[in-house]
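Since every read-out is calculated from the coordinates, none of them should be taken as a lab result. Keep in mind it's a predicted model, so treat the numbers as computed, not measured. Neighbour counts are summed over all protein chains in view; Cβ atoms, including those assigned to glycine, are modelled from backbone coordinates with ideal geometry.
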Amino acid sequence: MKRWKLLLALAVLVAALGPAALAGAQKASLDPAADPNYGSWPLAAFPDPFIMTVQAGGDVDAGSANVGTGCVGQVTANPDIVFEFDGGPFRAFFAAEGDTTLIVSLPDGTFACNDDGVGMNPVVDLPNAAAGSYAIWIGTFSTGSLVPGYLVVTSGASMPGALSSVLLGGASASSNTTTTTTTTTTGAQLDPTGNPSFGTLTLGPGFSPDPTELPMVAGGDVDIFSMNLGTQCRGFVASAPDARVAYTAAGRFLRIFFQSEQDTTLVVRLPDGSFVCNDDFPSTLDPLVDINAPAAGTYDIWVGTFSSNTPGDGTLFFSSGNTADPTNTQ
């Protein structure tokens, strides 16, 4: 009788608490098959090393997902990036000014992880990696903090100390440069109605020259990341557009990219008011946006840097084909 009463009491308690109580008992999980935040890339198609700027962090506690020893940090449920690899030596590391972690899902379903491989930068080494898909997460130790840095994948011997940039403030551990995670917005906002700082172009079917070039200076004091326009929308830009394009070749492919000596970002406002953005074209620090079936209308364009007080000289390119890119502007 006592046992029956105990079971009844437990049943009443579960019913009273409802689904919320059961949901709260679920463990965090990482899904290697989910859409990656920064896309999927075939490593064989790009130079070695492959370098991409990534914002580390998220709201999923990787430690509670129990995927392996040393797999810790706050990450997103979706992978940050997925690589298709043909097999051989595989080294992945993240270089940043912050304590970050690295989680790699292997083709056989197991995980390889690291916290502090070199200083506070994580490194995962797989001397004889199998061919297949490798999903990668980069974590931080605070749910409220995103850390920008460079994800590097190589078959060589590169290590985090070899990287130096405006974003990281140099390779020296004693650098005093402030990263974007500690910079707050000045309250400035984008003004799509403002006069473009570097000109207005009209591009129609078969425009020439192709690519069309527009020299300009990137940067400003508007923190794009704080505006939550999208995962790839980041950097500091001017309030008014840098460039404006009146596009009349409706439905015809349009490529926009920026080339400079600095790490820059690209923000494009489409005629319908939505935004598309990019940080790094693979293996470069230059941004590129492809618009596969563009509508006719006005395209406002901003080019950003990773510091509000560091402008970046460069050239904005427009092309109707997919062969010109930051590594080949012909």
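Any idea what log10 I(q)/I(0) is at q = 0.09, 0.16, 0.22 Å⁻¹ for segment 40-172, Debye with uniform C-alpha scatterers and no solvent?
Reported log10 I(q)/I(0), two decimals: -0.22, -0.73, -1.40.
Check which residues have an amide H placed less than 5 Å from Val118's amide H, if you skip close sequence neighbours.
Val123
Please work out how much length the chain gains when fully extended from Ser155 to Thr110, using 0.36 nm per residue of separation minus the C-alpha to C-alpha distance, in nm with one decimal. Walk me through the numbers before you get to the answer.
Working: separation 45, 0.36 × 45 = 16.20 nm, distance 2.03 nm.
Stretched out fully, the Ser155 to Thr110 stretch lengthens by 14.2 nm.
Any idea what the alpha-carbon Rg over 2.2 N^0.38 Å comes to for segment 200-319? Intermediate values should be presented prior to the final figure.
Working: Rg = 13.3 Å, N = 120, 2.2 N^0.38 = 13.6 Å.
Its radius of gyration relative to the 2.2 N^0.38 Å reference: 0.98.
Plugging the Kirkwood radius over Cα pairs into Stokes-Einstein for segment 211-265, at a temperature of 20 °C and a viscosity of 1.002 mPa s, what D comes out in µm²/s?
For these conditions, the coefficient is 161 µm²/s.
Enumerate the amide H contacts of Gly235 below 5 Å, restricted to partners 5 or more residues apart or on another chain; note that Pro and chain-start residues carry no placed amide H.
Result for Gly235 returns Ile224, Phe225.
Determine, from the Cβ-Cβ distance of Asp61 and Glu84 and an R0 of 30 Å, the FRET efficiency 1/(1 + (r/R0)^6), rounded to the nearest 0.05.
Step by step, r from the Cβ atoms, then E = 0.60.
Please work out the Cα center distance from segment 293-323 to segment 32-95, rounded to the nearest Å.
27 Å
Under the 0.36 nm per residue contour assumption, what length would be gained going from the current alpha-carbon distance of Asn128 and Asp35 to full extension?
30.8 nm
Under 5 Å between amide H atoms, partner at least 5 residues away or on a different chain: which partners does Phe141 have, H built in plane at 1.01 Å?
When sequence neighbours closer than 5 places are left aside, the close amide H contacts are Gln74.
What order, most packed first, do the peptides 98-109, 297-308 have when packing is the mean number of other Cβ atoms within 10 Å of each residue?
297-308, 98-109
Using the Cα centre of segment 40-172 as the reference point, and only Cβ charges (+1 on K/R, -1 on D/E), how large is the resulting charge dipole? Debye, rounded to the nearest 20.
Dipole magnitude for segment 40-172 comes out near 140 debye.
Can you run phi through the Karplus equation (6.51, -1.76, 1.60; θ = phi - 60°) for segment 117-128 and list ³J(HN,Hα) in whole Hz, with x for Gly and Pro?
The phi angles translate into x, 9, x, 9, 9, x, 9, 10, 10, 10, x, 9 Hz.
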